[in-house]
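Engineer: Here it is: the structure, laid out below.
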Amino acid sequence: MIFKDANISLFHSINSLATHSTWIDNIVIFLADDLNTVFISLLVFLLVIKWKTYSLIFSKTLFIVLISLLLCDLVDAFYHHPRPFQFGVGHKLIGHGASSSFPSQHTLTMVIIACSYLIAGFKLIGGIGLVLSLVVGLSRVYVGVHFPFDIVGAFLIGFMLVVFVNYSLKELAIRLRKAISIQAID
């Protein structure tokens with residue numbers, strides 16, 4: 001119960017800023033809906049310009065994002081958490097269906113991108129991605145479609161997923177090299 005109260009209290013402290021200024025609301029709506037697209041477009045542009053540098057990390061990141069979408073569907077099947085507007089709290093500035101709010105898929109995608117690039121050694125892209133992840137997460141709360149703990153959950157799940165997939169792929173590569181070297185000796 002204490003988490004629910006803290007979640008709603010944090011939600012109100014962020015979402016209560018909505019509807020006071022139309023131009024601020026419009027900026028935050030853009031950040032909530034379209035900042036992901038802008039950032040991913042930049043990454044696609046970098047991929048096209050420097051294919052050899054970014055192709056592996058882009059592919060790996062895309063793979064992890066696809067896993068996260070399946071994971072979100074799995075979470076929704078076992079734990080459906082209503083969105084703030086379904087509880088009748090706050091201001092809803094954008095249209096959104098009544099799907100589960102946990103975790104925020106917009107934030108999760110950004111966190112996966114940021115952590116993937118950070119772990120791969122692309123510190124500038126990863127750092128910018130983490131800042132943008134926080135901006136997207138807070139804007140999703142501001143516009144009334146997520147609770148703060150949905151954002152925190154997206155950060156935790158995204159980080160753990162990136163670490164798990166990177167570890168699994170390294171282990172797979174080691175086992176494949178061993179298997180290939182054993183076959184070559186025989």
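The values are calculated or read from the model by the stated rules, or taken from the named source; none is laboratory data. Note that this is a predicted model, so its numbers are computed, not measured. In this analysis, Cβ positions are derived from the backbone assuming ideal geometry, glycine residues included, and neighbour counts consider all displayed protein chains. Areas reflect the complete protein model, heavy atoms only, side chains present, ligands, DNA and RNA absent. Shrake-Rupley method; radii C 1.70, N 1.55, O 1.52, S 1.80 Å.
Engineer: Restricting to the range 1-42, and then to whatever is surrounded by fewer than 11 Cβ atoms within 10 Å (Cβ to Cβ) and not in a helix (DSSP H, G or I), can you tell me which residue is modelled with the lowest pLDDT?
Structural biologist: M1
Engineer: Look through V48, V89, V111 and report the one residue that is at pLDDT 90 or above, at negative phi and open to solvent by 20 Å² or more (accessible area, probe 1.4 Å).
Structural biologist: V48
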